[in-house]
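The values are calculated or read from the model by the stated rules, or taken from the named source; none is laboratory data. Remember, it's a predicted structure, so these values are computed and weren't measured experimentally. No Cβ is skipped: glycine too gets one built from the backbone with ideal geometry, and neighbour counts run over all protein chains shown.
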Amino acid sequence: MRELLMIPGPIEYESNVLNAMSIPTISHSSKEFLSIYREALQRVSSIFGSETGDNIPFIISGSGTLGMEVSTVNFISRDSKVLVVNTGYFGDRFVDLFSRFTDSIEQIKPSLGEAVDPSLVKEKLDTNEFDLITVTHVDTSTGVRNDIKKIAEFSKSSNTLFVVDGVCSVGGEYLDMKWGIDVAFTASQKALGAPPGLTVGVAGGRALTRMGKLKPLTFFSDLRKWETVSRGVLDSKGGYFGTPNVNLITALNVSLSNIMREGLEARIKRHELMSSALRSGIHAMGLEIMAKKSHANTISAVYLPDGMDSKKFLGDAKDNGVVFASGLIKEVASRYFRIGHMGGIGPAEVLITLGAIERALKAGGYGVKAGTGLTAAQEILFKSD
């Protein structure tokens, strides 16, 4: 039986993306690949809402964690003070990252499952004592979505650069650099719908100006090098720093083409509908979602019934054809699981997912009536029709 992968990345890929991965590798310096690379960078700019000339897109071989580093350490110095909005595991990772470069790190850490109150961020930014702030748009560990548009309103009137971790959001949530975001990044294996191995992002003019005044703190992550490459590729002249991942960039370009063909607005609306149907089914089964109010379109973190063995639940769900992710927050890891619902997800995947959850819950001794979650989800889908 083929298993449906419903984890928050890697995700299920569309067939033309997989086909793109199977073609023979071409030279990274060929005119053919230069055209593919340029098109991919242009599409990245469009998806991030950053078509202006001051911004520069980048595609670099590496995971989303590399994106965290590239998007932050190029804009700080050893004596910089940074602010981390921490709503989960990847907020902790930002703190860990910054600890390698500066001792001046401050956090705003809402209660588990809560998004940050933008007014608290404004209070911090009004002090003008921070060089940079990071916010995880959607934390993959909790499914909490932060209001980055509101925070951008506050940051653009301050001297603090605003960096958005869009790893679990770009392609499935609204994000626009023109709101006042200075740097944003994601990874290929999430809502962009390509295999893992690329970090993708955009740096704006204000950030690039700041970078030009600072001494590089890293080598491979030095965005100055990758800016030169991106500008060369966009100008059809080519560029080189490290060998680009030819096959992955080719697959990414196909996936980005799929997104553009569907339309970004339509794609986000589809993600909203599927997440709403899924949440309705989960609630109907009597389960609680970790995110209290601001739910993501792309991921749901779901608490299991008291006393249910999470490993058994995940194993039973897999036996029923669907793979979910385990919990990431150490204190409650054994009490919840995570569902990734992004990319090409549609009603079929939602209903298969809820059916697998019902059967796994029943196998674990939880008294859920067959079809409870499915019926609730169908009601949402019927209304949309």
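A few points about this structure:
- Check on N128, at pLDDT below 95 and either over 19 Å from the mean Cα position of the chain (by Cα) or outside the structural domain of A301 (by TED's automatic domain parsing) (or both): yes
- Tally of residues being of a type in the set (V, I, T) and more than 16 Å from H271 (Cβ to Cβ) across the range 162-181: 3
- Matching residues, the range 276-291, being touching a Phe, Trp or Tyr at 6+ places or on another chain (Cβ under 9 Å) and part of a loop (DSSP other than H, G, I, E, B): M285, G286, L287, M290
- The residues on offer are A301, A207, A296, and the sole one that is touching a Phe, Trp or Tyr at 6+ places or on another chain (Cβ under 7 Å), small (G, A, S) and not assigned by TED's automatic domain parsing to the domain that holds V163 is A301.
- Those residues of the range 210-241 which are more than 27 Å from L264 (Cα to Cα) and either of a type in the set (V, I, T) or outside the structural domain of D54 (by TED's automatic domain parsing) (or both), in sequence order: T218, T228
- Contact map, the range 274-301: first residue within 23 Å of E12 (Cα to Cα), second residue among the basic types (K, R) and assigned to a loop (DSSP other than H, G, I, E, B), Cβ cut-off under 8 Å, separation 6 or more or different chains; pairs are T298/K190.
- Scanning the range 248-275 for residues that are surrounded by 18 or more Cβ atoms within 10 Å (Cβ to Cβ), in contact with a helix residue (DSSP H, G or I) (Cβ under 8 Å, 6 or more places away or on another chain) and of a type in the set (S, T, N, Q) yields T250, N253, S255, N258.
- Residue check, I59 part of a strand (DSSP E or B) and closer than 18 Å to M260 by Cβ: yes
- The condition (being in a helix (DSSP H, G or I) and not small (G, A, S)) is satisfied by just one residue among T65, T102, T87: T65.
- Residues that are more than 19 Å from F58 (Cα to Cα) number at least 3 in none of the strands (runs of 3 or more DSSP E) confined to the range 139-252.
- Matching residues, the range 292-315, being part of a helix (DSSP H, G or I) and buried (at least 17 other Cβ atoms within 10 Å of the Cβ): S310, F313, L314
- Count - residues of the range 230-244 that are in contact with a Gly (Cβ under 6 Å, 6 or more places away or on another chain) and touching a residue at least 40 places away in the same chain (Cβ under 8 Å): 2
- In the condition set (1) surrounded by 18 or more Cβ atoms within 10 Å (Cβ to Cβ); (2) closer than 25 Å to G263 by Cβ, K149 is compliant with all but (1).
- Scanning the range 15-42 for residues that are surrounded by 17 or more Cβ atoms within 10 Å (Cβ to Cβ) and either under 30 Å from D319 (Cα atoms) or within 17 Å of the chain's Cα centre (by Cα) (or both) yields a count of 1.
- Those residues of the range 117-146 which are at positive phi and either crowded, with 24+ Cβ neighbours inside 10 Å or of a type in the set (F, W, Y) (or both), in sequence order: G143
- Qualifying residue in the range 253-268 (condition: touching a residue at least 40 places away in the same chain (Cβ under 8 Å), of a type in the set (S, T, Y) and within 30 Å of S35 (Cα to Cα)): yes
- Filtering the range 101-108 for residues that are touching a residue at least 60 places away in the same chain (Cβ under 8 Å) and under 23 Å from the mean Cα position of the chain (by Cα) leaves an empty set.
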